[in-house]
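Below is one structure; the comments refer to it alone.
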Amino acid sequence: MSPEPAAVEEMSRVQLAVVESVAPHLRHNPYDSYRILRAAGPFVPGPHDTHLVTRHTEAQAILIDPRWSHAEEPELLHGDSEVELPGSFLWMEPPDHTRLRGLVGKAFTSRTITGLQERATQLVDELLTAILAEGEVDLLETLAYPVPLTLICELLGVPAEAHEQVRVMSAGIARGLDPDLLLSPEELAARTKAVHEFTAFFGDLVEQRRKAPRDDLITALVQAEEAGVRLTHTELIGTLLILVVAGHETSVNLIGNGVLALIREPGEFQRLRADPDLAGPAVDEVLRYDAPVHLTTRTARAEITVGDRTFAPGDAVIVLLGSANRDPDAFPEPDRFDLGRYLPGRRTERHLSFGLGLHYCLGAPLARMEMRKVLHAFGSRVTGLTLLAEPPYRPNVVVRGMSELHVRVEGR
């Protein structure tokens, strides 16, 4: 018996939403597609025999369960690549993941991030002073890029004259994190070039630090030791790649998305102006409302039941973080930007933008600190924000963000 016309129409609508959720021309708003996918169920058939995980409960259950592996992501998304992205603990499972994350954690400590706070405050204030003097700017170029790029490069020990070179390499790699089937031959070639340049550039810095240690994160990573074992050269380069891309590209988008949300929700901007200390809990609402990272993958290592579906070993899922963060069953009025949503005392589900479990983002404290400094400065010093043109978006799916953000900024 043939399906009813209404059922066929609904199937077509869902299939279209799967495509549109990653369509470059809809990067400015994938949320309408996510709404359709959530309505279709917590698990929706995706590409390459995967299932898209659309809802918060199921996404959270998968991310926190160590029986779901992240190690297969390079094969899932980049199976036809001619060049491998350098190995990283990001795509490993215990025991290798435990060893490498422990080594990196010894270098990338909370004390390290705390030590950056004064420098971050100074940097944000200097940049904002220049922005206010200019009046009309591309906020990505004048604030969102310089803050995380400068901080991660200074933390690592990258010379100031090479910061722009790091930015160019990072951009090529960030686009290359998207599934290969979404990349043009030119973009694949750009990723290959960026990976080779990154490997050579940071390989030289690593060797320099071996010979002449300094007070920087590259030296700390070179010297980090766990049970007599240190990071290999390949592990070092892979770790640096993740620290740079995750510690830079994602924060650029987080800052840009947060400022854009303030512009489009002037009432919330006025709340921040009235109480700049709202910047702390506001960071989590920016992360929930318009996350810089929209998807991740997991592969079942055993037979696992999630909700009403049982997955066999080897079954793969694509967890739509951006969709889970807008799930109305988890967040009342999920499409409303509410700076007080995560105020102490309010019972609010945790967003999934930093992941959960074994692969919770190691750089989360740094990203939070950067965004908090920006929001506090805007609340304290900015009196007016005007969007001068609708911002264009980069085609990136995994690390999603704008390519420009032209605004008028007024203040004290």
Next item on the list: Return yes or no: is A324 touching a His at 6+ places or on another chain (Cβ under 6 Å) and of a type in the set (A, V, I, L, M)?
Entry: yes
Check: Counting only residues that are of a type in the set (D, E) and out of contact with any Lys or Arg (no Cβ under 7 Å at 6 or more places or on another chain), which one in segment 202-248 is surrounded by the fewest Cβ atoms within 10 Å (Cβ to Cβ)?
Finding: D215
Check: Would you pick out the residues in segment 379-412 that are modelled with pLDDT under 95, charged (D, E, K, R) and either over 17 Å from A130 (Cα atoms) or surrounded by 19 or more Cβ atoms within 10 Å (Cβ to Cβ) (or both)?
Finding: R394, R400
Next item on the list: Taking R298 as the residue in question, decide whether it is within 21 Å of A160 (Cβ to Cβ) and either surrounded by fewer than 20 Cβ atoms within 10 Å (Cβ to Cβ) or touching a residue at least 60 places away in the same chain (Cβ under 8 Å) (or both).
Entry: no
Notebook entry, point to check: Can you pull out the helices (runs of 4 or more DSSP H) entirely within segment 127-240 that have at least 2 residues that are within 25 Å of the chain's Cα centre (by Cα) and hydroxyl-bearing (S, T, Y)?
Noted result: 185-211
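Residue-wise test of (1) under 27 Å from L155 (Cα atoms); (2) at pLDDT 95 or above.
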{"residue": "G345", "(1), (2)": "no, no"}
{"residue": "E349", "(1), (2)": "no, yes"}
{"residue": "L358", "(1), (2)": "yes, no"}
{"residue": "L362", "(1), (2)": "yes, no"}
{"residue": "P365", "(1), (2)": "yes, no"}
{"residue": "M371", "(1), (2)": "yes, yes"}
{"residue": "V374", "(1), (2)": "yes, yes"}
{"residue": "A377", "(1), (2)": "yes, yes"}
Checklist line | Failed criterion for Q122 (all others in (1) in contact (Cβ under 8 Å) with a residue 24 or more places away in the chain; (2) assigned to a helix (DSSP H, G or I) hold) | finding: (1)
Check: Quick one: which of L262, L287 is farther than 20 Å from R381 by Cβ and of a type in the set (A, V, I, L, M)?
Finding: L287
Check: Only one of (1) more than 19 Å from the chain's Cα centre (by Cα); (2) of a type in the set (A, V, I, L, M); (3) modelled with pLDDT of 85 or more; (4) surrounded by fewer than 18 Cβ atoms within 10 Å (Cβ to Cβ) is not met by V83, so which one is it?
Finding: (3)
Checklist line | All positions within segment 27-62 that are over 22 Å from the mean Cα position of the chain (by Cα) and among the charged types (D, E, K, R) | finding: D49
Item checked: S12 being within 22 Å of the chain's Cα centre (by Cα), loosely packed, with under 13 Cβ neighbours inside 10 Å and at pLDDT below 85 -> no
Check: Looking at (1) within 24 Å of V245 (Cα to Cα); (2) among the acidic types (D, E); (3) surrounded by fewer than 16 Cβ atoms within 10 Å (Cβ to Cβ), which is the only condition D329 fails?
Finding: (1)
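The values are calculated or read from the model by the stated rules, or taken from the named source; none is laboratory data. Everything numeric in this text was worked out from a predicted model, so none of it was measured. Note that we place each Cβ from the backbone using ideal geometry, even for glycine, and neighbour counts take in every protein chain shown.
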